[in-house]
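Please treat every number below as a calculation from the coordinates, not as lab data. Since we're looking at a predicted model, the values are computed, not measured. Cβ sites come from the backbone with ideal geometry, for glycine too, and all protein chains shown count toward neighbours.
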Amino acid sequence: MIKTDPRRQRLGGALSRSGLVTVALLITLAHCASPRRIVDYGYINPKAAPVILGPQGQLSPAISKTIMDRLKGQAEPTDFLQRQALLLEAISGSPLVTGNKATLLIDGPATYRAMLTAIQAAKSTIHFESYIFEDDEVGRRFAEALLAKQAEGVQVQLVYDSVGCMNTPAAFFQKLRDGGVQVREFNPINPARRGWKWRLDQRDHRKLLLVDGSVAITGGVNISSLYSSIIYNRREPGRIVGQQHAWRDTDVQIEGPVVAEFQKLFQGTWARVDGPISRTDPPPPSKPAGPDLIQVLGSTPGRDNRFTYMMYVSAFTYAKVSIHLTTPYFVPDSQMLEALRRAGERGLDVKIILPGGSDSALLSSAGRGYYSYLMKSGVKLYERRKDSMLHAKTAVIDKVWSTVGSSNMDPLSFLNNDEVNAVILSGDFADKMEAMFEDDLKESTQIQKDQWEKRPIKEWLKEWVSTRVSGWL
């Protein structure tokens, strides 16, 4: 049994009770435009070296070229890295930054340990952004840690999303405020508190912890007991009446000068909800933390700001060897489908892991509506076992380019949410991503084309309807 994601469970239930469903749909339809079209970037010179920043500033073109050549030596000899780096730099303005250390965090317990360790070590600032922050065992543990650091004189600032935290009692956040933590609500559900700027469908879906301007943790993990190793049925407090496996998710801890790029994203969010941050963070580390080359992509609503969407489409387009993708919600548009189809037809090793059991039947049916189309081109599709919910949003391409972030592959994520993804260019990190992917494959079942084509007509009808309304999801 899959426990429903609070985002979708709470939004649907609460809005139905309050009579706002019709309003929400009208708002969504009014703003439901396709993401910015990926144009032909063939004019980009694949031999050019992208701008790369180091701890002391921009590196020379010669050093940048040396770094890129070294990375190419870790993978197949193609121009994928240059093309992708130059494209993302051109559309987002976000530079590649060297001198970083990326640590893969698999599942909630590992992520929570890393987060709490970073919080407990904080000396100056803690900046926290989370879509869901629940008043449960995990949420209270984090609240206590934040209050303790605030009492020590560390500046603690927290942004939570109004829809994601719909069922979290106001008293929970008020206790944090009473302890000195600066707490802000992103895009309140109540339109009276937003005026003409109110948009129910625009959510802050980022999960981002920043400590002392030198450590960042980001990915798909919210602050909720859903991500604990075992989830207990809590409808009967004090008595275990059932249990299920936790949600399967992935985060990454990043140390080094690229944390300054994450800091800019948080500052932008804080300015939108409250105004400029009054206290300046410590400067990024002056010494390299590791060898990893990292780029930060943060997207906000608007056709020209869909950087994570463009990241995926261009990566699928330029890939030369392999595409290994993990996503919980898969509702691609025509551009993304075409990029994946062509990759399969080029003979690439294209594998996609999807959830076998989902908290959203409609989204699951919509994604399955594209299975036949993709399998015809050689794309291999897998569904993870049904006793846990796959929630990781990751990709590793050509065994050297990886991304970990908050972006789902559906219209809600690409068009309406604030999202953040880290792009890591590192053969060693990609090896760890590939090993994690292989472990997930062992827990998954491959969809066989012949058997899939024989599925019941009622399943086909559900998929057909779901794909037709997927732009509203």
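Numbers at a glance
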read-out: V331 long-range amide H proximity, modeled H, under 5 Å; value: M409, D410
read-out: Interchain or long-range residues, amide H under 5 Å from L105's placed H; value: D251, V252, Q253
read-out: At R0 = 41 Å, FRET efficiency that the Cβ-Cβ distance of N190 and S334 yields, to 0.05; value: 0.65
read-out: 20 Å Cα-Cα threshold exceeded, pairs from K123/K149; K287/K393; K207/K320; value: K287/K393; K207/K320
